[in-house]
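Enquirer: Take a look at this one; I'll ask things after.
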Amino acid sequence: MRFAYADPPYLGCGRRYIDQHENALDCDDPEWHRALIEKLYREFPDGWAMSLSSPSLRTILPMCNEDVRIGAWVKPFAAFKPNVNPAYAWEPFLWRGGRKGDRTRATIRDWVSANITLKRGLVGAKPNEFCQHILDVLGFEKGDEIVDLFPGTGAFMNAVNRRIEGLLA
């Protein structure tokens, strides 16, 4: 099977990534995200997952077909911002498709609890626990292909490589 994971600059947050992506401000346009979702459907019919912010969920979810599910990354340790209360201590992710589960596989929850990362060189770098959860949700197995559309720090592909090494052991 062939899957994709997309962790683009979140809607309205393009300015944070100007140094890493010359077109980062394009990500502040909802239509840019619509085009990304269309690409995911077109190029990855086996399944895909996409990270987004909780404030953008109401804008981005209607761009998806009804076969998309919402998952949650709950952050026990998160950065608290002054004058923001309640804190943003979770992030949604969307996914569709993936390998269907059966009684031989453990049941995967639609949420994961994992602390944020610090000092990874890029705002929003995902922790290994989150990346492994995305692989579980998609049902990633030995021999599958997965494409990281926004490699950033490389955290996701590092998690994929750890998974493959574990599967080959």
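Any read-out appearing in this document is the output of simple, stated calculations on the displayed coordinates, not a laboratory observation. On a predicted model such as this, the values are computed, not experimentally measured, just so you know. Virtual Cβ from ideal backbone geometry, glycine too; neighbours counted across all protein chains shown.
Enquirer: How much length would be gained if the chain were fully extended between Ile18 and Ala79, taking 0.36 nm per residue of separation minus their Cα-Cα distance, in nm to one decimal? Don't jump to the answer; show the numbers that get you there.
Expert: Numbers: separation 61, 0.36 × 61 = 21.96 nm, distance 2.15 nm.
Full-extension gain reported as 19.8 nm.
Enquirer: Separate question: What does the charge count near Arg15 come to, summing +1 for each Lys or Arg and -1 for each Asp or Glu among other residues with Cβ under 14 Å from its Cβ?
Expert: Working: positive: Arg16; negative: Asp19, Glu22, Asp26, Asp28, Asp29.
Net charge around Arg15: -4.
Enquirer: Still on this model: Given +1 on the Cβ of Lys and Arg, -1 on the Cβ of Asp and Glu, and no further charges, what dipole in debye does the chain carry about its Cα centre, rounded to the nearest 20?
Expert: Dipole size: approximately 540 debye.
Enquirer: Among the lysines, select those whose C-alpha is under 20 Å from the C-alpha of Lys119, and discard any that sit fewer than 8 residues away in the same chain.
Expert: Leaving aside lysines fewer than 8 places away in the same chain, those within reach of Lys119 are Lys75, Lys81.
Enquirer: Next question, about the same structure. Once the piece of chain linking Leu122 and Thr59 is laid out straight, how much longer is it, given 0.36 nm per residue of separation minus the C-alpha distance between them? Before the final figure, lay out each step's value.
Expert: Working: separation 63, 0.36 × 63 = 22.68 nm, distance 2.46 nm.
Length gained between Leu122 and Thr59: 20.2 nm.
Enquirer: What are the aspartates and glutamates whose alpha-carbon lies under 18 Å from the alpha-carbon of Lys126, with same-chain residues fewer than 8 places away excluded?
Expert: Within the straight-line limit of under 18 Å, Lys126 reaches these aspartates and glutamates: Asp7, Glu91, Asp110, Asp136, Asp148.
Enquirer: Computed from the mean reciprocal separation of all distinct C-alpha pairs, what Kirkwood hydrodynamic radius does the range 98-169 have, in Å?
Expert: Answer for the range 98-169: a Kirkwood hydrodynamic radius of 13.3 Å.
Enquirer: Pick from Thr153, Thr117, Thr107: which is most flexible by mean-square fluctuation in a GNM of the chain where alpha carbon atoms under 10 Å apart are linked?
Expert: Thr107
Enquirer: Quick one: what does P(r) look like for the chain with 10 Å bins over all Cα pairs, in whole %?
Expert: 10, 38, 39, 12, 1
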